[in-house]
1. Which of the listed residues, 2, 38, 101, is farthest toward the dipole's positive end in the chain, when Lys, Arg count +1 and Asp, Glu count -1 at the beta-carbon?
2. Counting Lys +1, Arg +1, Asp -1, Glu -1, what net charge surrounds residue 94 among other residues with beta carbon under 14 Å of its beta carbon?
3. Any lysines with Cα under 29 Å of the residue 142 Cα? List them, leaving off those in the same chain fewer than 8 positions away.
4. Just how much of residue 128 is accessible, in Å², when a 1.4 Å probe is used and the result is rounded to the nearest 10?
5. Quick one: ranking 130, 151 by accessible area, 1.4 Å probe, largest first, what do you get?
6. Over the Cα atoms of region 1-90, what radius of gyration and what Dmax do you get, in Å?
7. Once fully extended, how much extra length lies between residue 34 and residue 168, figured as 0.36 nm per residue of separation less the alpha-carbon to alpha-carbon distance?
8. Might you report the magnitude of the Cβ-based charge dipole of the chain about its Cα centre, with Lys and Arg at +1 and Asp and Glu at -1, to the nearest 20 debye?
Amino acid sequence: AGITSYIIPNGVISIGEKAFRNYKNLESITIPDSVTSIGEGAFASCKNLKKIILSNKVESIGKMAFYGCENLESVTIPNNVISIEYSAFGCCKNLKNMIIPDSVTSIGNGAFENCENLEHIIIPDSITHINDETFAGCKRLKSITIPSSVISIGSRVFSGCDNLKEFKGDFASGDGRC
């Protein structure tokens, strides 16, 4: 059977690289306010993880931190998060909605790639670049809001987003950089 739910003890300040990787039975995790960073691949391939309660103090979500958490349905990213690294939520096939807070200034390549059920996303004014393949393979993505702060959009950002019908926002400012 194994662990299905875990509450990280208060006082822990960082979740290290691959700390819970491949915990196949883990369904929920609670991260206390003492945690400020989530390391590379910390929860990668936790196939049954459905619920994450993130600390309000988390500032960075590392590379591939939740990669392959196929049953993860929703995540609330706290207002302290500054960076969402490379493929942090890649292949989270059941993730449906994502609101990125204004505190985020960096979203890594492929951060949400192959989130097949992601339907809506709002990018905050704090973002200036949308990196390569950020939303590639998000087959059910219907709408995205891109603010005027975005000055560049990388390659293959929306590759495979066959249902993307609506771009909201004033991201084409006429300066030729988008």
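1. Going by the Cα projections, it comes out as 2.
2. Residues near residue 94 contribute +2 overall.
3. In chain and number order, the partners are 47, 50, 51, 63, 93, 96, 165, 168.
4. Accessible area of residue 128: about 50 Å².
5. Numbers: 130 10, 151 50 Å².
Ranked from most to least accessible, the order is 151, 130.
6. Cα only, region 1-90: 11.5, 36 Å (Rg, Dmax).
7. 44.6 nm
8. Here the size comes out at about 500 debye.
The values are calculated or read from the model by the stated rules, or taken from the named source; none is laboratory data. Since we're looking at a predicted model, the values are computed, not measured. Neighbour counts are summed over all protein chains in view; Cβ atoms, including those assigned to glycine, are modelled from backbone coordinates with ideal geometry. Just so you know, the surface numbers come from the protein's heavy atoms only, side chains and all, with ligands and any DNA or RNA stripped out. Shrake-Rupley method; radii C 1.70, N 1.55, O 1.52, S 1.80 Å.
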